[in-house]
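Derivation of every value follows stated rules applied to the coordinates shown; laboratory data play no part. None of these values were measured; they are calculated from a predicted model. Methodologically, a virtual Cβ is constructed for each residue, glycine included, from the backbone with ideal geometry; neighbour enumeration extends over all protein chains shown.
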Amino acid sequence: MLIIPAIDIYNKKTVRLSKGNFNEITYYPLSPLEQARKFAQYGFKRIHIVDLLGSAKGEVTIIEILKSIKDETGVEIEFGGGIRSEEVIQTLKSIGIDRIIIGSLAVKEKQLFESILQSYDPASFIVSADVNNKKIAVHGWTETTSVSINEHIDYCLSVGIDQFLCTDISRDGTLEGTNTELYIEIMKDFKDIKLIASGGINNIQNILTLKEMNIYGTIVGKAIYENTINLEELSTLAK
């Protein structure tokens, strides 16, 4: 199972939110580049990076930070937040971003989304299926749609996507434990997708449980920053 440490960026700083709430933001001392270097030193193969301001504004705001992280660490980067046009995707590709996370675009602008998939390898995209009560949330989680997670996965599979990042927003940044029931349901209905679990992970046992479920990958964020998971122990599991 892929274990992917996360760096959420807001105003060029490393932060974490609670349940996506910008009024509950915690800043951490290391810069995004310093944090990425640390993850690379521990041997993690992929880093999950989110542009929180970009997600809310609908435009990527951290291109230079992404470029510096890629240039200096060489780690694989999956990135999301504010990706709303093919031009931005071209820019991200040009600086070496390995996996591009598509959120609102796949829900709100299907025609553009499908056009993009005709121009690029679908394997380079991950669709975020972030949910409030199993309904897809978009625009930096500020809007919950009427689209169910199963409907969204069905649609994305029909256009060639098989990688999905699913965050239970009610758990994200809470350290309350991951929603294994949600992931069991998803994997029961969609056995062949590459599912990346996210939200609420608070200890190594959470990771081991997801691994036993044959989940493709998991993102670990706040548990690292609040030291409820030992980074060295986590890196050992990732190898």
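Across segment 164-180, rounded Karplus estimates of 3J(HN,Hα) from the backbone phi angles (6.51 cos²θ - 1.76 cosθ + 1.60, θ = phi - 60°) give 9, 9, 10, 10, 7, 4, 5, 9, 4, x, 9, 6, 8, x, 7, 8, 5 Hz, Gly and Pro being marked x. Considering helices alone, the calculated mean residue ellipticity of the chain at 222 nm is -10000 deg cm²/dmol, with DSSP H runs of length four and up weighted by -39500 (n - 2.57) and normalised per residue. Pairs from the list Lys19/Lys191; Lys135/Lys239; Lys108/Lys135; Lys12/Lys45; Lys12/Lys211 with a Cα-Cα gap above 25 Å: Lys19/Lys191; Lys135/Lys239; Lys12/Lys211. Computed from phi, the 3J(HN,Hα) profile of segment 222-239 under the Karplus parametrisation 6.51, -1.76, 1.60 (θ = phi - 60°) reads 4, 4, 6, 6, 9, 6, 8, 10, 7, 5, 5, 5, 4, 5, 5, 5, 6, 9 Hz, with x in place of Gly and Pro. Only one residue of Ile47, Thr26, Ile97 has its Cα farthest out toward the positive end of the dipole of segment 12-130, where Lys and Arg carry +1 and Asp and Glu -1 on Cβ, and that residue is Thr26. Net charge in the neighbourhood of Asp189 (other residues with Cβ under 15 Å of its Cβ; Lys, Arg +1, Asp, Glu -1) is -2. Taken one residue at a time, the phi angles of segment 111-119 give Karplus couplings (6.51, -1.76, 1.60, θ = phi - 60°) of 4, 5, 4, 5, 5, 4, 5, 6, 9 Hz. Gly and Pro are set to x. Using a Gaussian network model of the chain in which every pair of alpha carbons under 10 angstrom is joined by a spring, one finds that among Asn227, Asn21, Asn203 the greatest mean-square fluctuation is at Asn227.
Against the set [x] 130; [y] 189; [z] 109, the structure's computed volume of the Cα convex hull per residue in Å³ falls on [z].
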